[in-house]
Amino acid sequence: MIIDILLLLAAAFYLLVHFGLLEGLKRLDYSRTSEQPFVSVIVAARNEEKNIPELLKCLMHQTYKQCEIIIVNDRSNDGTAERIADFQKNYSHIRLITIAHLSDDMPAKKNALRTAIEASKGEILCFTDADCFPPPRWIEELVNSFQPDVGLVAGYSPYRMPGQDTSRAGSSSRVLFKFIAYEEFRAALWAASSIGWNLGWLCTGRNLAYRRTVYDELHGFEKIKMSISGDDDLFLQLVRRHTSWKIHYVKTQESFVPTLPPMNFWSFVEQRKRHFSAAKYFTLPMMLFFFFYHGSNVVLLLSPLFFLVHFVTLPVMVIACAAKLLSDIVLFKYSYRTFEAYPFQYTFILMEVLYIFYNSLIGPLGFFRKFAWKQS
């Protein structure tokens, strides 16, 4: 009887959260501005000689021309600097900053970003990564979202494999790629919906912009320098809690910034450990919320097993399964249209099972295991 009640409570909580996520997406603001401030695009790069040329090609074809491109070559020991120098010969607005040593007071990536920001001239700071492919209107779409009261704009960065046919990969590699894309889609859903509710929990540094005045108002990354990651999520939360600036999420397709997925399972695990590590510094209510959400997801998925071992009754099991299945279908169908995401409908159940294992097993590693940014 007690387990029946707990399972029904989990189903009710799960339904409520998914209703909230759906409503958050509907609340996203679409108003735009016609102002054209000067923009600094900032990229921290470490040993990216293979990726940086494609990124710079994308940035050179941006429709927004009032900008400078700042690439921070952070202690690279490959040809990253040479590749950037090749582009500088033809494009005078590309600036190269070289960092030779680790900082004593700031984690590596934050130090690279801080160095670039201090040298920047832009009123708006746009951020992406060296392995990304910003579309031609990326800067324009971000800037257009900066109404006078908006201090930070976040966007979607789906995983893609440009120029590669994933159908030729092995079955395990195809499943891994589909799951990586699915997990990023889920993260974007959380990010966009929370911003729609004026909460602002999550975002990705691969598609992010904020005003220089916001950075200065918060004294940069000083309040979050204890975390090796979090130059995106934790900074966004600072903006929400400690400033009066509004936060927007841009969801036009022209603003999506595709990026390369981790090359193998262990690279994926290391990357996600780093991402999860910032959650150690979330507020207690946020940590409890995500714990109960992912916990309810687990028990709802396991409800048929609970019925088979006679822990719950048949009606309760049916209600639990229906609550999860129907709320997932409604939310994700709407989200697919919002993000024009990878078509997961044929592998949805498998993706959900993997998602639960991922959050239950890999997520906690970010709290306890050590790691570094680009082998810093």
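Read-outs: derived from the displayed coordinates by stated rules, not from any lab. Remember, it's a predicted structure, so these values are computed and weren't measured experimentally. Heads up, the Cβs are rebuilt from the backbone with ideal geometry, glycines too, and the neighbour counts pull from every protein chain shown.
Pull out a ≥ b ≥ c, the square roots of the eigenvalues of the alpha-carbon gyration tensor of region 217-260, then state rounded if a/c is under 1.5, prolate if not and a/b is larger than b/c, and oblate in the remaining case.
The shape class here is oblate.
Under the rule of at least 5 residues apart or a separate chain, name every residue whose amide H is placed under 5 Å from the amide H of VAL312.
PHE307
Report the label-to-label distance for ARG174 and TRP190 in nanometres (one decimal), using points 7 Å from each Cα along the Cα→Cβ vector.
Result: 2.9 nm between the two label points.
Quick one: which residues, 5 or more positions from VAL150 or on another chain, have an amide H under 5 Å from its amide H? H modelled 1.01 Å from N in the peptide plane, none for Pro or chain starts.
LYS246
Taking springs between alpha-carbon atoms closer than 10 angstrom, which of PRO135, PRO158, PRO315 fluctuates most in the Gaussian network model of the chain?
PRO315
In debye to the nearest 20, how big a dipole does region 112-155 give about its Cα centre with +1 on each Lys and Arg Cβ and -1 on each Asp and Glu Cβ?
Values: 3 positive and 7 negative charges, 18 e Å.
The dipole magnitude comes to about 80 debye.
What are the principal axis extents of the Cα atoms in region 18-88, in Å, biggest first?
49, 32, 18
Nearest-5 percent of antiparallel DSSP beta bridges in the chain?
Of the beta bridges lying entirely in the chain, close to 25 percent run antiparallel.
With the dipole of region 7-124 worked out from charges on the C-beta (+1 for Lys and Arg, -1 for Asp and Glu) around the Cα centre, which of PHE87, ALA112, ALA100 lies farthest toward the positive end?
PHE87
Relative to the longest principal axis of the C-alpha atoms of the chain, give the angle of the C-alpha long axis of helix 2-26, reported between 0 and 90° and rounded to the nearest 10°.
For 2-26 against the chain, the angle is about 40 degrees.
Running a GNM on the chain with Cα contacts under 10 Å, which residue among PHE19, PHE133, PHE235 ends up with the highest mean-square fluctuation?
Judging by the Gaussian network model, the answer is PHE19.
Report Rg(Cα)/(2.2 N^0.38 Å) for region 114-240, keeping two decimals.
1.18
If the viscosity is 1.002 mPa s and the temperature 20 °C, what translational diffusion coefficient in µm²/s does Stokes-Einstein give for region 157-304 when Rh comes from Kirkwood over Cα pairs?
Values: Rh = 17.2 Å.
The calculation lands on 125 µm²/s.
Can you pull out the trypsin sites (Lys or Arg not before Pro) in region 62-126 that DSSP calls coil and that have at most 16 other Cβ atoms within 10 Å?
Here the sparse-neighbourhood loop sites are LYS65, LYS89, LYS121.
Using only Cα atoms and rounding to the nearest 10 degrees, what angle (0 to 90) does helix 233-242 make with the longest principal axis of the chain?
Relative to the chain, helix 233-242 is tipped by roughly 90 degrees.
Where is the GNM fluctuation largest for the chain (alpha-carbon springs, 10 angstrom cutoff): ILE124, ILE349, ILE69?
ILE349
Quick check on region 192-251: what does the Kirkwood estimate of hydrodynamic radius come out to from the alpha carbon pairs, in Å? Walk me through the numbers before you get to the answer.
Working: mean 1/r = 0.0849 Å⁻¹.
It works out to 11.8 Å.
Kindly express, to the nearest 10 degrees and within the range 0 to 90, the angle between helix 314-339's C-alpha long axis and the longest C-alpha principal axis of the chain.
20
List every residue whose amide H lies under 5 Å from the amide H of GLU49, counting only residues 5 or more places away in sequence or on a different chain, with H placed 1.01 Å from N in the peptide plane.
The list, which skips near neighbours in sequence, is GLY79, THR80.
No solvent, one uniform scatterer per C-alpha: report log10 I(q)/I(0) for the chain via the Debye equation at q = 0.07, 0.12, 0.15 1/Å, two decimals.
Calculated log10 I(q)/I(0) at the listed q: -0.32, -0.93, -1.43.
Considering every Cα-Cα pair within region 53-199, what fraction, in whole percent, is farther apart than 18 Å? If you can, show how the numbers build up before the last one.
Working: 7321 of 10731 pairs.
Counting every Cα pair in region 53-199, those more than 18 Å apart make up 68 percent.
Assigning unit charges at the beta carbon (Lys, Arg +1; Asp, Glu -1) and nothing else, what dipole magnitude in debye, to the nearest 20, does the chain show about its Cα centre?
The calculated dipole for the chain is roughly 280 debye.
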